[in-house]
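Quick note: the coordinates plus some simple rules give every number you see, no bench work behind them. Please read all numbers here as calculations on a predicted model, not as lab measurements. Every residue, glycine among them, receives a Cβ derived from its backbone with ideal geometry; neighbour counts consider all protein chains shown.
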């Protein structure tokens, strides 16, 4: 099983990245840091075809499992992550062959907040997007970092989640 993490934080080396590295080690995943990419807002006129979105999505479709990790910004995914999801529309309108390759892929979502409070319905856009694209939504987890490092409770929660994912079809079958 090959895994890719899409990190969508405004700080490449912030708390979300700490969680990203834990997940990377657990699932032997590669990372794409959206902060380091030039991905512009969706354009109905398709004016953004020269930015990094198409090269990023072409890289992503080579993986079986796509893991989205985002901080919680105002009860929602980060703006960088939202822009990325908006641009998937390009794969439905003008790059349909790429969009079709998302079907059957696995999706996992991880949020990182400053406390244990999970935002109600935070994961709904991810679940619905996976469903719309024909992807297998394997699950989600909320993590948090209050004092520069994850507490043991968070690390244990991540470990349980990763073990559940590793044993869940279709992840297990690939």
TODO: Sort 77-89, 124-136 for me by packing, meaning the mean count of neighbouring Cβ atoms within 10 Å per residue, highest on top.
DONE: 77-89, 124-136
Task: Gyration tensor verdict on the stretch 119-174 (Cα atoms; rounded if a/c is under 1.5, prolate if a/b is larger than b/c, oblate otherwise) - done: oblate
- [ ] Quick one: angle between helix 124-133 and the longest Cα principal axis of the chain, in degrees between 0 and 90, rounded to 10, please.
- [x] 40
TODO: Using a 10 Å cut-off on Cβ atoms, rank the peptides 35-47, 19-31 from the highest mean neighbour count down.
DONE: 19-31, 35-47
Task: DSSP-defined antiparallel bridges as percent of all bridges, the chain, nearest 5 - done: 5
Task: Length-normalised contact order for the stretch 1-130 - Cα pairs under 8 Å, 6+ apart - percent - done: 29
Task: Per-peptide average of other Cβ atoms within 10 Å, ordering 68-75, 141-148 highest first - done: 68-75, 141-148
